[in-house]
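A short write-up of the structure that comes next.
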Amino acid sequence: MTPEKAKEFQRIMKNRPHVVILGAGATVAAIPNGDKNGKKSSVMDGFIEKLGMTQIIQDAGLKTKSSNLEDIYTELHERDDCNEIRSLLDQRIRGYFSAIEIPDEPNIYDLLLLSLRKKDLVGTFNWDPLLLQAYQRVSKITKDLPDLAFLHGNVLVGCCPDHKYGGIIYAKCPQCGNYFQPGRLLYPIREKNYAEDPYIKDNWNAIRNRLRSAYLVTIFGYSAPKTDSEAIALMKEAWGSVDDRNLEDFEFIDIRSEDELTDSWSDFVHSHHYEVHSSFFASSLGKHPRRTTVELFDRTMECKFTRATRKFEPDMDWIKVKKLVEVLVKEEVEIGDDEFLSIESA
């Protein structure tokens with residue numbers, strides 16, 4: 001490879017996407033002590049009790065003994081006599097999550113968004129509004145932020161049923177002027193046909209397109225449940241064979257064991273090309289914000305001993321966060337079109 005081709009290869013690789021996929025564990029990590037008002041997020045198991053629907057569900061005489069929301073909704077979906085209960089369940093879920101507010105101080109979701117760039121994408125399975133609330137405030141620091149994909153809908157996201165537009169629920173369709181309508185949240189386990197909903201389909205197309213060219217993938221608090229086999233199949237189709245992914249890396253931010261994580265994602269990870277972290281701040285996002293794919297190339301392809309000299313740390317205030325991001329953005333703006341960023345060596 002000529003020096004010119006080597007330089008172009010490095011520039012292309014460093015500008016490939018970083019895809020981050022969020023599950024319920026990410027929100028739990030973002031608000032471990034509750035939201036701005038002390039309200040906590042919830043997992044699927046036992047959620048019916050939190051919604052105050054235990055007696056209503058019991059009176060419906062369901063066959064399932066599971067306390068998992070998805071199992072319960074699946075049976076409700078299959079029974080025509082439970083239409084009113086399904087509607088009430090949807091209303092209660094929207095009310096519960098819509099009340100969640102991001103804390104005033106910098107949150108992990110703020111830092112997550114600021115650690116990525118427009119070339120990147122964050123796909124979330126979460127219903128809570130924290131990611132969008134974070135996006136609204138960090139966009140005042142920089143507009144060079146990752147794209148977002150809401151893979152199971154979101155309480156703060158809506159769409160126009162007649163035109164191909166979506167956005168914040170209280171916004172209007174730019175074509176017809178009507179307010180966006182709430183998107184679907186609940187899907188029965190046995191038929192999660194994401195293609196039925198045009199808006200959800202577009203979100204899935206976005207993450208699949210970005211996964212095809214991704215250099216680095218971070219799974220943050222998402223368990224890849226067997227009940228969501230369609231979601232895994234869609235991502236696998238986009239990612240392709242692990243044998244063809246010998247340059248790419250996977251990263252996990254999770255409190256589960258390494259064996260459990262690698263077993264769940266064995267169809268995606270090439271050999272030893274992965275890292276496991278129990279904290280956001282130990283991940284590439286926390287240690288090398290806005291330089292995640294740059295650091296990956298310098299470390300694995302250039303064999304550099306990279307070091308995290310410009311990183312996010314716990315308890316940073318807004319002044320420190322803004323100062324760090326502004327320095328990084330300035331460096332990005334000043335780089336030439338045929339140049340590339342690099343990480344400082346140890």
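Nothing in this text is a laboratory measurement; each read-out follows from the coordinates by a stated rule. Since we're looking at a predicted model, the values are computed, not measured. Note: ideal-geometry Cβ built from the backbone for every residue, glycine included; neighbour counts use all protein chains shown.
Go through K50/K311; K39/K311; K119/K323; K143/K201; K14/K143; K236/K287 and tell me which ones have a Cα-Cα distance over 31 Å in this structure.
Long pairs (Cα-Cα over 31 Å): K50/K311.
On a C-alpha basis, how far is the centre of region 262-302 from the centre of region 37-80 in Å? Whole number, if you could?
When both Cα centres are located, 36 Å separates them.
Mind checking the full-extension length gain between D337 and K39? Use 0.36 nm per residue of separation minus the Cα-Cα distance, one decimal, nm.
Length gained between D337 and K39: 102.7 nm.
Treat each spin label as a single point 7 Å out from the Cα along the C-beta direction, and report the R307 to Q58 distance in nm.
6.2 nm
Do any trypsin sites (Lys or Arg not before Pro) in region 1-75 lie in a loop, going by DSSP, with at most 12 other beta-carbon atoms within 10 Å of their beta carbon, and if so which?
K63, K65
Pairs of Cα atoms under 8 Å, at least six residues apart: use those to get the relative contact order of region 47-98, whole percent.
With pairs under 8 Å counted, the relative contact order is 34 percent.
For region 3-133, with only Lys/Arg (+1) and Asp/Glu (-1) charged at the beta-carbon, what is the dipole magnitude about the Cα centre, in debye rounded to 20?
860 debye
Please compute the alpha carbon radius of gyration of region 1-159, then divide it by the globular-protein estimate 2.2 N^0.38 Å. Two decimals is fine.
Against the empirical 2.2 N^0.38 Å value, I get 1.34 for region 1-159.
Have a look at P3, W318, S87 and report the one farthest towards the positive end of the charge dipole of the chain, computed about the Cα centre with Cβ charges (Lys/Arg +1, Asp/Glu -1).
It is W318.
Loop-only GluC sites (Glu not before Pro) in region 256-314, please: DSSP not H, G, I, E or B, and at most 13 other Cβ atoms within 10 Å.
Answer by residue number: E302.
If each residue of separation counts as 0.36 nm, what is the full-extension length gain between E196 and E344 once their alpha-carbon separation is subtracted?
In short, 48.5 nm is gained.
In percent, what relative contact order does region 1-149 have, based on Cα pairs under 8 Å that are 6 or more apart in sequence?
Worked out over region 1-149, it gives 30 percent.
Could you work out the relative contact order of region 221-346, using alpha carbon pairs under 8 angstrom and six or more residues apart, expressed as a whole percent? Please list the in-between numbers first.
Values: 113 pairs, mean separation 26.5, N = 126.
Computed value for region 221-346: 21 percent relative contact order.
Could you give the radius of gyration (one decimal) and Dmax (whole number) of the Cα atoms in region 261-346, in Å?
Just the Cα atoms of region 261-346 yield Rg and Dmax of 15.0, 43 Å.
Need one number: convex hull volume per residue for region 70-137, Cα atoms only, in Å³.
So the per-residue Cα hull volume is 114 Å³.
Computed over the Cα atoms, what is the radius of gyration of region 192-292 divided by 2.2 N^0.38 Å, N being its residue count?
1.10
Based solely on C-alpha atoms, express the radius of gyration and the Dmax of region 1-84 in angstrom.
Computed over the Cα atoms of region 1-84, radius of gyration and Dmax are 23.3, 73 Å.
Once you place label points 7 Å from the Cα toward the Cβ at H272 and R184, how far apart are they in nm?
Going by the 7 Å Cα→Cβ label model, 4.5 nm.
Please compute the net charge surrounding C173, taking Lys and Arg as +1 and Asp and Glu as -1 over other residues with Cβ under 15 Å from its Cβ. Present the calculation step by step, with values, prior to reporting the outcome.
On the way: positive: K164, K172; negative: D162, D202.
Around C173, the surrounding residues sum to 0.
Rounded to the nearest 500, what is the 222 nm mean residue ellipticity of the chain from helices alone, with -39500 (n - 2.57) per DSSP H run of 4+ residues and division by all residues?
One gets -11000 deg cm²/dmol as the mean residue ellipticity at 222 nm.
Using modelled backbone amide H atoms (1.01 Å from N, in-plane), which distant-in-sequence or interchain residues come within less than 5 Å of N154's amide H?
Excluding prolines and chain starts, which carry no amide H, the hits are G183.
Between N205 and L88, what is the label-to-label distance in nm when each label sits 7 Å out along the Cα-to-Cβ direction?
3.9 nm
Over 16 Å apart: what share of the alpha carbon pairs of region 47-98 falls there, rounded to a whole percent?
Value for region 47-98: 31 percent of Cα pairs lie more than 16 Å apart.
Stokes-Einstein diffusion coefficient for the chain at 37 °C in a medium of 0.692 mPa s, Rh from the Kirkwood formula over Cα pairs: what value in µm²/s?
Once the numbers are plugged in, D ends up at 153 µm²/s.
What is the extension gain from V327 to R79, computed as 0.36 nm multiplied by their sequence separation minus the C-alpha to C-alpha distance, in nm to one decimal?
83.6 nm
Charges at C-beta only: +1 for Lys and Arg, -1 for Asp and Glu. How large is the resulting dipole of region 26-80 about its Cα centre, in Debye rounded to 20?
320 debye
List the trypsin sites (Lys or Arg not before Pro) in region 88-158 that DSSP assigns to loop (not H, G, I, E or B) and whose Cβ has at most 14 other Cβ atoms within 10 Å. Which are they?
K118, K140, K143
Taking region 259-303, how much of its Cα-Cα pair set, in percent, is spaced more than 12 angstrom apart?
69 percent
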